[in-house]
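Take a look at the structure set out below.
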Amino acid sequence: QVQVVESGGGLVQTGGSLRLSCTASGTDFSTYTMAWYRQAPRTQRELVAFITRDGVTNYKDSVKGRFTISRDNTKTTVYLQMASLKPEDTAVYYCNAYYRRTYYWGQGTQVTVSS
């Protein structure tokens, strides 16, 4: 069982920045694929970015150039640095760990971007 805990959400103005953090348990953290998803009200959860065990990253088109995902295996933590935030980035952001064919989810952290 992998425990996933997000932090770092909050309220920010348009154009501002936030950094989300996600800590996952387990001694095999370096082998996890880690991802950030988000879900706005009345919409489906969508993939924002992921990073593989080898450091390969991928982003949703609308966040490319603004968001950066990174990981620190020594801290078993993955980050999502968000810049140039827009109101449409407002959502609950969820961290996900993929390990041994199982997805583990955090409880989510709210990000609100005011216009």
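The values are calculated or read from the model by the stated rules, or taken from the named source; none is laboratory data. The structure displayed is predicted, hence computed values, not measured ones. Cβ atoms come from the backbone with ideal geometry, glycine included; neighbour counts cover every protein chain shown. Remember, those area values only see protein heavy atoms, side chains included, never the ligands or the DNA or RNA. Shrake-Rupley method; radii C 1.70, N 1.55, O 1.52, S 1.80 Å.
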Taking only the range 82-115 into account, find how many residues are open to solvent by 60 Å² or more (accessible area, probe 1.4 Å) and touching a Phe, Trp or Tyr at 6+ places or on another chain (Cβ under 7 Å). 2
Leading residue by the ranking (surrounded by the fewest Cβ atoms within 10 Å (Cβ to Cβ)) among those in the range 45-66 that are within 16 Å of Thr109 (Cα to Cα) and not charged (D, E, K, R): Leu47
Name the one entry in Thr52, Thr76, Thr68, Thr102 that is modelled with pLDDT of 95 or more, on the phi > 0 side of the Ramachandran plot and among the β-branched types (Val, Ile, Thr). Thr76
Within the range 8-24, tally of residues that are exposed (fewer than 14 other Cβ atoms within 10 Å of the Cβ) and among the polar types (S, T, N, Q): 3
What about Val78, is it closer than 12 Å to Arg38 by Cβ and open to solvent by less than 50 Å² (accessible area, probe 1.4 Å)? no
Note on the range 53-78: residues within 18 Å of Gln3 (Cα to Cα) and either of a type in the set (Val, Ile, Thr) or touching a residue at least 24 places away in the same chain (Cβ under 8 Å) (or both) are Arg71, Asn73, Thr74, Lys75, Thr76, Thr77, Val78
